[in-house]
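This report concerns only the one structure given below.
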Amino acid sequence: MVETAGDPLIGARIDRFTLHDRLGSGGMACVYRATEADNNREVAIKLLFGEMASDREFAGRLRREAQAAQQVDHPNVVKVLSFGSTPEGLNFIAMELLKGRTLDRVILEDAPLPLSRVARIVKQMARGLEAAHVIGFGIAGAKHHLAPLLRPPAAQGAAPPAAAQYRNIH
């Protein structure tokens with residue numbers, strides 16, 4: 001979690017989502033933990049900020065990213081739930097909220113990783129990228145270090161597999 005004291009968007013309503021905590025920020029956007037009013041589901045909201053928020057080119061880029069990502073249906077790619085703009089001009093993408101350690105955190109905490117584990121992680125990341133590429137969605141700026149590693153749901157009565165599930169959080 002990122003320090004959110006003084007963030008004017010904490011508690012704000014974006015479309016049908018209420019923002020609670022800032023999870024992180026990058027060069028052009030912040031990502032928040034939010035809940036959806038309809039069903040109280042936790043989601044991640046990506047909001048353009050600063051000059052990017054009012055720049056039509058970047059707003060268009062965010063919209064194209066969301067439209068393309070909605071077409072990718074793969075267990076190793078984050079699901080985009082909706083996207084749009086608020087009356088105030090804030091552009092957003094609502095995505096499933098993934099809970100798990102990021103790849104950089106796993107490397108810091110668990111290194112050195114066994115080669116077999118590295119191979120499983122890379123294979124799953126490649127499958128997610130391939131799924132996006134097949135529909136023509138190129139991911140030039142994939143942030144592999146931010147990829148959450150999740151354990152897939154265990155089969156009934158079986159122990160969870162050792163392989164981590166990769167989903168790109170954009």
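The values are calculated or read from the model by the stated rules, or taken from the named source; none is laboratory data. Keep in mind that this is a model prediction, so the values were computed, not measured. Backbone-built Cβ (ideal geometry, glycine too); neighbour counts: all protein chains shown. We work out accessible area using only protein heavy atoms, side chains counted, and drop any ligands, DNA or RNA first. Shrake-Rupley method; radii C 1.70, N 1.55, O 1.52, S 1.80 Å.
Quick notes on this one:
- Of all residues in region 1-13, those satisfying the criterion of being open to solvent by less than 60 Å² (accessible area, probe 1.4 Å) and not β-branched (Val, Ile, Thr) are ASP7, LEU9, GLY11, ALA12.
- Condition met for ALA140 (modelled with pLDDT under 65 and surrounded by fewer than 13 Cβ atoms within 10 Å (Cβ to Cβ)): yes
- Odd one out for ARG64, checked against (1) touching a His at 6+ places or on another chain (Cβ under 9 Å); (2) under 26 Å from PHE137 (Cβ atoms): (1)
- Counted residues, region 20-41 - those being farther than 12 Å from LEU97 by Cβ and assigned to a strand (DSSP E or B): 5
- Listed conditions (1) of a type in the set (Lys, Arg); (2) open to solvent by 70 Å² or more (accessible area, probe 1.4 Å); (3) within 13 Å of THR86 (Cβ to Cβ) are all met by ARG16, apart from (2).
- Residue match in region 94-103 (condition: under 18 Å from ARG61 (Cα atoms) and assigned to a strand (DSSP E or B)): yes
- Residue check for PRO112: free of Cβ contacts under 8 Å to residues at least 60 places away in the same chain, farther than 30 Å from PRO8 by Cβ, out of contact with any helix residue (DSSP H, G or I) (no Cβ under 9 Å at 6 or more places or on another chain) and assigned to a loop (DSSP other than H, G, I, E, B): yes
- Residues being of a type in the set (A, V, I, L, M, F, W, C) and not in a loop (DSSP other than H, G, I, E, B) - total across region 9-19: 3
- Residues of region 42-93 that turn out to be assigned to a loop (DSSP other than H, G, I, E, B), of a type in the set (Asp, Glu) and open to solvent by less than 40 Å² (accessible area, probe 1.4 Å), as a count: 0
- The one condition from (1) open to solvent by less than 60 Å² (accessible area, probe 1.4 Å); (2) among the basic types (Lys, Arg); (3) free of Cβ contacts under 8 Å to residues at least 40 places away in the same chain that ARG33 does not meet is (3).
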